[in-house]
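What follows is a single structure, written as structure tokens, with notes after it.
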Amino acid sequence: MENKKLKILPVVTTALVLLSMYMTFFYLPIMRSGSGDVLDSSFRIFYFHMPIAITAYIAFFIVFAASIMHLRSHDVKWDIYARSAAEIGVIFALLVLITGSIWARATWGWYWIWEPRLTTSLALFLVYVTYLLLRQSIEEPESKARLAAVFGIVGFVSVPLSFFSIRMWRSAHPLMFGEAIYGSSGGGLEGPTLQLTLLMNFVSFFVLFITLLIYRSNMEKLKEEVRAIRAAHR
């Protein structure tokens, strides 16, 4: 029964991602200025950028929570969840930087400026790249898991730092919550079409993350079983 669910999960995930892409490129209305001129369609990247960023934060929160659980219980399953979530989170964090740079080029004329949100997003990415490198640099499994757990807990401070950076420091980056995306001073996304598209992208990227996490964790569990069998026959 579990194998059937695992086979269905990628199909559902693919369908959701394709639907979210369709809604972003074809369902969203063409944005026009007050004079009726068609605005640059680069705003559409926001519907990928923001859900990917939030999903990356969720991935790193799982690293944080699983690291705490591993230090408390010393159960290897929590270490597996932590390292699996970190690997996927790094991919999502890289996509945040890529989509953010593309959006910055369309908005500011530059792919990169050293403003708070972009800078802290880069720092966040580098923190978890370092986490993965740390894991690769230590051979002994228990020491690796313990040190990685400590790093995963301490390194999580980069997540709220990135999220609240545009409220803590003066930033050119638009506020994501409570303010409009398209230059007005209040309200947020107006209209069911915009809100539904954003929600669809949130759902699709979150389900994609869960799918990847399940498959990656299962792969790591098999590796642990193989390592235990080899150790028992030495």
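If the condition is being modelled with pLDDT of 90 or more and either closer than 17 Å to T107 by Cβ or β-branched (V, I, T) (or both), then the stretch 35-57 contributes Y47, F48, H49, M50, I52, A53, I54, T55. Of the residues making up the stretch 121-140, those that are open to solvent by 20 Å² or more (accessible area, probe 1.4 Å) and either closer than 12 Å to L161 by Cα or assigned to a helix (DSSP H, G or I) (or both) are L122, A123, F125, L126, V127, V129, T130, L132, L133, L134, Q136, S137. Kindly indicate whether any position in the stretch 72-86 is more than 19 Å from E220 (Cα to Cα) and open to solvent by 10 Å² or more (accessible area, probe 1.4 Å). There is at least one residue in the stretch 72-86 that is more than 19 Å from E220 (Cα to Cα) and open to solvent by 10 Å² or more (accessible area, probe 1.4 Å). Being loosely packed, with under 15 Cβ neighbours inside 10 Å, at pLDDT below 80 and among the acidic types (D, E) is not true of E225. Filtered by the rule that a residue be surrounded by fewer than 19 Cβ atoms within 10 Å (Cβ to Cβ) and either closer than 18 Å to I52 by Cα or among the basic types (K, R) (or both), the stretch 141-157 gives K144, R146. Among all positions in the stretch 169-179, there is no residue which is modelled with pLDDT under 95, in a helix (DSSP H, G or I), surrounded by fewer than 17 Cβ atoms within 10 Å (Cβ to Cβ) and not charged (D, E, K, R).
Residue-level check: of (1) part of a helix (DSSP H, G or I); (2) touching a Pro at 6+ places or on another chain (Cβ under 7 Å); (3) modelled with pLDDT under 90; (4) not aromatic (F, W, Y), L194 misses just (2).
Just so you know, in the stretch 134-149 the residues that are among the hydrophobic types (A, V, I, L, M, F, W, C) and out of contact with any Asp or Glu (no Cβ under 6 Å at 6 or more places or on another chain) include one that is nearest to M69 (Cα to Cα), and it is A149. Anything in the stretch 97-109 that is in contact with a helix residue (DSSP H, G or I) (Cβ under 6 Å, 6 or more places away or on another chain) and aromatic (F, W, Y)? List them, or say none. Once the filter is applied, which keeps residues that are in contact with a helix residue (DSSP H, G or I) (Cβ under 6 Å, 6 or more places away or on another chain) and aromatic (F, W, Y), the stretch 97-109 yields only W103.
The values are calculated or read from the model by the stated rules, or taken from the named source; none is laboratory data. All values derive from a computational prediction rather than experimental measurement. Positions of Cβ are generated from backbone atoms using ideal geometry, with glycine treated the same way; all protein chains shown enter the neighbour counts. For the accessible areas, the whole protein counts, side chains as well, though only heavy atoms, and no ligand, DNA or RNA atoms are used. Shrake-Rupley method; radii C 1.70, N 1.55, O 1.52, S 1.80 Å.
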